[in-house]
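As structure tokens, the structure follows; a few thoughts come after it.
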Amino acid sequence: MSPTRSAAVPKTRATEAAYDAIEQMIATLQLEPNQPIVESELIQLTGLGRTPIREALMRLVASGLIEQQPRRGLRVSEIRIAEHLILIDTRRVLERLIAVSSARRATPDQRARLLQCGQDMVTAAQRGDLAAYMQADQALDRINHEACRNPYAVQAIVPMIIQCRRFWYAYQHEGDLERGARCHLVEVQGIHANDADQAVAGADALMDYLTEFTRTVIEA
């Protein structure tokens, strides 16, 4: 292995770690909508260097989670309630594609891990453990996205998932944790059984739930 390639590996990992950390802060409202982004604070919070933080921020700008303001720097994007139903309609198409692909292409290990994540979500929901629920949800998404082997669909859907997660986190008092968990479980049971129809049914049920949840928030 050349020195150049060896040096690139930790840099890539640091950027991924920075992206994951900042994404989590946005999704859980530790970084609130419209909040200015201060690089030095993110460096202190994550323990990572300036370069991976900047690279992660540029990825988040490209995904629409962070906005570049002329002469004002960066800020966290707003939660646009009026556009959220359109986002879910778009996400539904990609979720169906990913569900079918994972049901057909997942390895036995990925199928087993997905099923475990779905079961973990149900258990966490029954306990009312939001932190464990979110952790299992994120793990499920990561494995599902690896299993589908469609990087284009994954690249398109990840910002939508984060926006939905943030929206849900902001208005969770209107939500039904156990229903969301059951929808995920149906999907991963389908993937585990190599049943594309069941996997899609689970993905559709989840999007139906998110649509109803959004309408409840809009009408409140």
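Some observations on this one:
- Label-to-label distance, nm, for residues given as Thr123 and Thr216 (7 Å Cα→Cβ offset): 2.6
- Gyration tensor verdict on the range 83-220 (Cα atoms; rounded if a/c is under 1.5, prolate if a/b is larger than b/c, oblate otherwise): oblate
- Largest GNM mean-square fluctuation among Ala196, Ala103, Ala132, using the chain with Cα springs under 10 Å: Ala132.
- Only the Cβ atoms of Lys and Arg (+1) and of Asp and Glu (-1) were treated as charged; on that basis the dipole of the chain about its Cα centre amounts to roughly 860 debye.
- Between Arg149 and Arg72, the simple label model (points 7 Å from Cα in the Cβ direction) yields a spacing of 4.6 nm.
- Convex hull of the range 162-220 built on C-alpha atoms - directionally averaged projected area, nm²: 4.0
- Classification of the range 86-151 by its C-alpha gyration tensor yields an oblate form. The axis ratio a/c (a ≥ b ≥ c) is 1.5 or more, and b/c is at least a/b.
- Rg(Cα) / (2.2 N^0.38 Å) computed for the range 1-140, rounded to two decimals: 1.26
- Cα gyration tensor shape for the range 143-188, rounded if a/c is under 1.5, else prolate or oblate: oblate
- Taking only protein heavy atoms and a 1.4 Å probe, the accessible area of the chain is 50% carbon and sulfur.
- Å² per residue, accessible surface of the chain at 1.4 Å: 52
The values are calculated or read from the model by the stated rules, or taken from the named source; none is laboratory data. Here the structure is a predicted model, which means the values were calculated and not measured. No Cβ is skipped: glycine too gets one built from the backbone with ideal geometry, and neighbour counts run over all protein chains shown. The accessibility values were calculated without ligands, DNA or RNA, using every heavy atom of the protein model including side chains. Shrake-Rupley method; radii C 1.70, N 1.55, O 1.52, S 1.80 Å.
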